[in-house]
Amino acid sequence: MTVDTSKTVFQVFTLSTKPEAIQLFYGDFQLQRTQEATYLGIVLDSRLSWNKQARRVQTVGKTRNGLLKRLSGVKWGTTQNLLCTTYKSYIRPAIEYGSELLVSASEAVQNKIETVQNNALRIITGGAFPTPFLAMQLQANIEPPTFRRKMGALKLIERLKRHGDFWRNYNPAERRLKSHPTFLHVTKELTTDFDIPSSNRQSLLETGEFIKHLSPACYNLDLVLPVNKRSCINTELRMAALTTIGKRFPETHWLHVYTDGSAAGANHNATNYDGEVAAVHMALTEVGKREDRNIAIFIDSQAAILAVSSVLPSRNGLVLDCQRMINSLIKNGHIVTLQGVPSHCGVKGGQSVNGMKRTHLRTILRVVHLT
């Protein structure tokens, strides 16, 4: 690798006003010192005030707001929903890039970015200048940039703390200047304000930690009868699901496991996808205690089926645990199949298939039903 010394500079981050004579050399070439540098689109000034980064974002936002204004002037096909979608997909990603770092900036610096969204809200809602910003945010269903910036900062610090022991056990130095808080101090205060639990924090998984020869489960997303969930009534969907279960997985040869992550609050404080994966995890944990050779797990979330049955690297620790348990079951001679079933059509562990009544062997948190 060859280093272009003409494009190589160094920068010192400090709040001190006293100049320091620092000289750095790369080989025989003396590197030039700079007061600001741009790295991955983020402007870093020596005092980390983020003022120049905010001005850069403000300029980009004003330029893109021009497109929003031109769209609002069209008399045909322009609606508030279209303008909101344009803002969220074209303008907001540009002004929020790297915004997590700006939580430590001063209020004046952050307001430069706020003005971009405020001007966009006036265009979207048609509000006059005295219109309160909160009213326009509620009408357009667009969150304040400050709130989203804080959420982004909390996600970033959580990823850092879950990535290894360094940031998890790191204690920042005491603040000497109240007007210059650091990113770690701000996120620590946010963690307390939002009451984010710090115990039982799961570590992020590195790619090298994954099982190299993972045996995935078989899965089916289709049913034996041609049905369309959008056009069929619940009775037809239920009949198609029960017929599929009866033909593909007869009770005399298969252990039937039903999951529903949305039942009984399994997805409390989480997404529906998280709830479904958690229900599958509970089911596999219980199945591992049994001697049944053929195991059929019925899931009403295709996303959960594809995630659990995939061998591609995933950062989700719960998904990886499911993959490992499936791998262990297969290695021990079990056959594990995931079958997709329609949701909210009455397919539960107590239903009958081909006239045979199911018997609940155990219920896990009223979510997973083993029959």
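The values are calculated or read from the model by the stated rules, or taken from the named source; none is laboratory data. From a predicted model like this one, the values you see are computed outputs, not experimental measurements. Here Cβ is always computed from backbone atoms with ideal geometry, including for glycine, and neighbour counts include all displayed protein chains. The protein model used for the area step is the full one, side chains on, heavy atoms only, and it has no ligands, DNA or RNA in it. Shrake-Rupley method; radii C 1.70, N 1.55, O 1.52, S 1.80 Å.
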Out of the helices (runs of 4 or more DSSP H) lying entirely within segment 52-126, which hold 3 or more residues that are of a type outside the set (D, E, K, R) and buried (at least 18 other Cβ atoms within 10 Å of the Cβ)?
80-86, 107-125
Looking only at segment 22-46, which residues are open to solvent by 100 Å² or more (accessible area, probe 1.4 Å) and part of a loop (DSSP other than H, G, I, E, B)?
23, 28, 35, 40
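From the list 150, 155, which one is under 26 Å from residue 14 (Cα atoms), open to solvent by 60 Å² or more (accessible area, probe 1.4 Å) and either out of contact with any Lys or Arg (no Cβ under 9 Å at 6 or more places or on another chain) or of a type in the set (A, V, I, L, M, F, W, C) (or both)?
Details: 155 fails: under 26 Å from residue 14 (Cα atoms).
After ruling out the rest, the residue left standing is 150.
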Could you list, in sequence order, the residues of segment 15-41 that are aliphatic (A, V, I, L, M) and under 25 Å from residue 176 (Cβ atoms)?
15, 21, 22, 37
Restricted to segment 340-362 and to residues being in contact with a helix residue (DSSP H, G or I) (Cβ under 7 Å, 6 or more places away or on another chain) and surrounded by 17 or more Cβ atoms within 10 Å (Cβ to Cβ), the residue modelled with the lowest pLDDT is 353
Please go through (1) in contact with a helix residue (DSSP H, G or I) (Cβ under 8 Å, 6 or more places away or on another chain); (2) modelled with pLDDT under 85; (3) not in a loop (DSSP other than H, G, I, E, B) for residue 201 and return the number of the only condition it doesn't satisfy.
(3)
If we ask which residues in segment 1-21 are closer than 15 Å to residue 33 by Cβ, charged (D, E, K, R) and either open to solvent by less than 100 Å² (accessible area, probe 1.4 Å) or touching a strand residue (DSSP E or B) at 6+ places or on another chain (Cβ under 8 Å) (or both), their number turns out to be 1
The number of residues in segment 168-192 that are open to solvent by 60 Å² or more (accessible area, probe 1.4 Å), among the aliphatic types (A, V, I, L, M) and either in contact with a Leu (Cβ under 8 Å, 6 or more places away or on another chain) or at pLDDT 90 or above (or both) is 1
Set 115, 85, 146: member being of a type in the set (Val, Ile, Thr) and over 29 Å from residue 188 (Cα atoms)
85
